[in-house]
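Below is one structure, written out as structure tokens; the observations come after it.
The values are calculated or read from the model by the stated rules, or taken from the named source; none is laboratory data. This one's a predicted model, so the numbers in the text were calculated from it and none came from an experiment. Virtual Cβ from ideal backbone geometry, glycine too; neighbours counted across all protein chains shown.
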Amino acid sequence: MAVLTVKDLCKSYAAFRLDHVSFTLKEGSIMGFIGRNGAGKTTTLKSLLNLVHPDQGTIEFFDMDFKKQEQEIKQLIGYAAGECNYYPKKKLETIVHYTKPLFERWDESAYRNYMQLFELDDQKKLCELSCGMRVKFSLVLALSHHARLLILDEPTSGLDPVSRDELLNIFLHLKEKGISVLFSTHITSDLDKCAEDITYIKKGKIIASESMEHYIDRFRLVVLPQKTDMDASKFIGIDHQKNCDTGLINTEDEKLFRDHKILVPDLETIMVHMERGDMIC
């Protein structure tokens, strides 16, 4: 079952356009929404929840049309844009007091359990929490009304490596409970630990939406001499490094480079080469 289906989502601004964005998120899965800064990740996620009004396209959550059943759907979704920053001088218990009436399925017992799991003290003021703890508090608010889908915009941005790892472990814990997670990131190493699928957006267009394993297997990395005079059009993108250059190719073209060292790239390497090349696969 699909918990989210997006078809031909468009949104135009003076200097940017979301161009027929389409992808599907399966139930009980974790999807990383990747792309460089300014690629359209935040605009897409906000469009999904009508925080930005798309010009066209269809959005379905749990086989329900978002335009027709927005209020019902929002009871099943948790959304967080990074760390929680509103009411910074208020205690957490005060923020919760004004938040829980918004949700029909608010569960006080679940709230207490998640506060304990995430080691949060509701007597502290929001401004007294670290960035990582603020992100966790955003998740508590989302999870305490039994959200079946979390939509998170750059949740690991600004966190130290230990806090990021803790958060990714939380995602895996939620997946075991059948909760789906869609989170945007430009830190591709985060996806190695927890994501099964990726959707990659570049300049407002989706260039891939599939399993991460399958996507990576589509490419190979050719090691080249520095300042190579090889025809750049043979590569998806070329990256200049300290001791050598590297060129990204489609796996099916590997036979054309028998005389070169060929490696299997990771997701970050693919993204770097993609962004530096003009050719999109």
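Points worth noting:
- Inside the stretch 190-213, residues that are over 11 Å from F33 (Cβ atoms) and crowded, with 22+ Cβ neighbours inside 10 Å make up a count of 1.
Yes/no per residue for (1) more than 22 Å from S47 (Cβ to Cβ); (2) in contact with a strand residue (DSSP E or B) (Cβ under 8 Å, 6 or more places away or on another chain):
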| site | (1), (2) |
| --- | --- |
| H146 | yes, no |
| E154 | no, yes |
| E176 | yes, no |
| V181 | no, yes |
| E196 | yes, yes |
| I206 | no, yes |
| E210 | no, yes |
| E213 | yes, no |
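- Among the candidates R105, R164, the residue that is among the basic types (K, R) and either within 30 Å of R36 (Cα to Cα) or in a helix (DSSP H, G or I) (or both) is uniquely R164.
- In the stretch 170-189, residue surrounded by the fewest Cβ atoms within 10 Å (Cβ to Cβ) [restricted to those that are in a helix (DSSP H, G or I) and of a type outside the set (S, T, N, Q)]: E176
- Boolean, E196 is among the charged types (D, E, K, R), within 17 Å of the chain's Cα centre (by Cα) and within 30 Å of G57 (Cα to Cα): yes
- Residue check for L221: in a helix (DSSP H, G or I) and either under 29 Å from H260 (Cα atoms) or out of contact with any Gly (no Cβ under 9 Å at 6 or more places or on another chain) (or both): no
- Of the residues making up the stretch 67-104, those that are modelled with pLDDT under 90 and among the aromatic types (F, W, Y) are Y79, Y86, Y87.
- Of residues in the stretch 214-251 being in contact with a helix residue (DSSP H, G or I) (Cβ under 9 Å, 6 or more places away or on another chain) and of a type in the set (D, E), the one surrounded by the fewest Cβ atoms within 10 Å (Cβ to Cβ): D217
- When the test is whether a residue is part of a strand (DSSP E or B) and modelled with pLDDT of 90 or more, I198 passes it.
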